[in-house]
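Engineer: For reference, the structure I am asking about is given below.
Laboratory data are not the source of any read-out in this text; all were calculated from the coordinates shown. Note that this is a predicted model, so its numbers are computed, not measured. Cβ: placed from backbone, ideal geometry, glycine included. Neighbour counts: every protein chain shown.
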Amino acid sequence: MSITETTYYHSPVGILKISGTELFISEVSFHDTSQKAEGNKKHISQMLINCIEQLIQYFNGELRQFDLPLNQPGTPYQQDVWNLLLTIPFGKQISYLDLAKKTGDAKATRAVANANGKNNIAIIVPCHRVIGSNKELTGYAGGLWRKKWLLEHEAKIAHGVQTLF
C-alpha cells in the first residue's frame, strides 16, 4: 500500500501544496500564504520530485503539458469533466458552455462549473482555462488573480513575447 506524502513548492503564484504517492499525484492546491508552509521532508518520493520539477519547467515556460499519473477521487461525472479539462490546449481557454457541450449536455453549465471547482489538482488539470461565455474570468479556488496570472503566463509562452530590444 502506498503512503500519501505531502510537500510544498514556493511558486510564482504562491505556495503550492503537493500530495501523492510514489505512484501518482493526488493534489496540487494553493496553500494559504499567511500560514507558514511546513518544510519539505528530507526524503520525498520521486513522484513528488517529478511533479515539482515539471511545475518549475511550466513556470519557466519550458513545459506546456504535464506528464504525471494523476489520481483524485470524484464521481464519474467529475472524472469526465476533469478528463475534458486535460484536453484544453496550453494557451487556450474555453467557456463553461463549451465545456458543457463537450459533455454532451449544453444545459449542464452549472454541473461542469461545479465539477471544475472540485478539481484538486490545480494547474496540472487546467481548470483555470475555463472562463465565462462573455470572456470574463469567473470563479477560481486559488483566487481570480492567480487565474489571470496563469492565463497571461500561458498566453505569453504560447503566442510569444515581443520586446523592444
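Engineer: Taking region 103-144 on its own, how many of its residues are within 12 Å of Leu85 (Cβ to Cβ) and over 19 Å from the mean Cα position of the chain (by Cα)?
Structural biologist: 1
Engineer: Considering every residue within region 148-163, establish whether at least one is assigned to a helix (DSSP H, G or I), exposed (fewer than 15 other Cβ atoms within 10 Å of the Cβ) and without any contact (Cβ under 8 Å) to a residue 24 or more places away in the chain.
Structural biologist: yes
Engineer: Here's a follow-up. Examine region 110-122 for a residue that is of a type in the set (Lys, Arg) and buried (at least 19 other Cβ atoms within 10 Å of the Cβ), and state whether such a residue exists.
Structural biologist: For region 110-122, residues of a type in the set (Lys, Arg) and buried (at least 19 other Cβ atoms within 10 Å of the Cβ): absent.
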